[in-house]
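Novice: Quick one: this structure, given as structure tokens, is what I'll be asking you about.
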Amino acid sequence: MENNMEAKVLLVDDEKEFLETLSNRLELRGLKVSAVTSGEQAVIEAKEQEYDAIVVDLSMPGIDGLETLRRIKADNPGAEIIMLTGHGSIKSGVEAMKLGATDFLQKPVELSELLEKIGEAKGQKMLVLQKQSQEELRRIVKSKSW
């Protein structure tokens, strides 16, 4: 994994100290990080900005990580969402993947593993955007009567 990846990431976790530490560590590696402390804020932020990856804590007060995932995906089906949990179960991991999570990682997460997953999410997002662009070009060309 390259040491200086350019990616725009949204971190969502109610533990402010964890959020601050992880944000700093990711920013030191060249990522542009936005951080929010609730699922409600994450849903709003994800509507206003495009992110290469959204990292969401599973267990939060208010709307939890699964509901946050559900709401973000409803607005933006192509969002690449990585779930993080300190107390995850296989059941919640399976549920997150069914709802469209890109991955499901346990806290404390190794930074190298998280960076790898963010890189994979960004790559997947780029493939989707490329495919959409190609489809749009085909549609435009087809609509012209050259």
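The values are calculated or read from the model by the stated rules, or taken from the named source; none is laboratory data. Every value quoted in this text rests on a predicted model; they were computed, and no experiment measured them. Reconstructed Cβ throughout: ideal geometry from the backbone, glycine too, with neighbour counts over all protein chains shown.
Novice: List the number of the failed condition for P61; all other conditions in (1) surrounded by 15 or more Cβ atoms within 10 Å (Cβ to Cβ); (2) touching a residue at least 24 places away in the same chain (Cβ under 8 Å) hold.
Specialist: (1)
Novice: Would you confirm whether or not segment 97-111 contains a residue that is touching a residue at least 40 places away in the same chain (Cβ under 8 Å) and of a type in the set (V, I, T)?
Specialist: yes
Novice: Oh, and also: Looking only at segment 69-108, which residues are within 22 Å of T21 (Cβ to Cβ) and touching a Lys or Arg at 6+ places or on another chain (Cβ under 9 Å)?
Specialist: Matches in segment 69-108: I81, I82, L84, T85, G86, H87, G88, D103, L105.
Novice: Can L111 be described as out of contact with any Cys (no Cβ under 6 Å at 6 or more places or on another chain) and surrounded by 15 or more Cβ atoms within 10 Å (Cβ to Cβ)?
Specialist: no
Novice: Looking only at segment 87-132, count every residue that is at pLDDT below 90 and among the small types (G, A, S) and tell me the total.
Specialist: So the count comes out to 4.
Novice: If you take just the strands (runs of 3 or more DSSP E) that sit entirely in segment 31-146, which of them hold at least 1 residues that are farther than 16 Å from V9 by Cβ?
Specialist: Strands (runs of 3 or more DSSP E) meeting the threshold: 81-85, 103-106.
Novice: While we're on this one: Mind counting the residues in segment 112-130 that are under 12 Å from D52 (Cβ atoms) and acidic (D, E)?
Specialist: Residues flagged as under 12 Å from D52 (Cβ atoms) and acidic (D, E) within segment 112-130 amount to 1.
Novice: What residue, of V43, V36, is over 20 Å from E120 (Cβ atoms), out of contact with any Leu (no Cβ under 8 Å at 6 or more places or on another chain) and free of Cβ contacts under 8 Å to residues at least 40 places away in the same chain?
Specialist: V43
Per-residue answers, yes or no, for (1) under 15 Å from the mean Cα position of the chain (by Cα); (2) surrounded by fewer than 14 Cβ atoms within 10 Å (Cβ to Cβ):
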site: R25; (1), (2): no, no
site: V33; (1), (2): yes, no
site: A42; (1), (2): yes, no
site: D57; (1), (2): yes, no
site: K73; (1), (2): yes, no
site: N76; (1), (2): yes, no
site: A79; (1), (2): yes, no
site: K91; (1), (2): no, yes
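Novice: With (1) surrounded by fewer than 17 Cβ atoms within 10 Å (Cβ to Cβ); (2) within 14 Å of the chain's Cα centre (by Cα); (3) free of Cβ contacts under 8 Å to residues at least 40 places away in the same chain as the list, and E50 as the residue in question, which single condition is left unmet?
Specialist: All conditions pass for E50, except number (3).
Novice: Just one of L105, L129, L137 is closer than 19 Å to G39 by Cβ and of a type outside the set (G, A, S); which is it?
Specialist: L105
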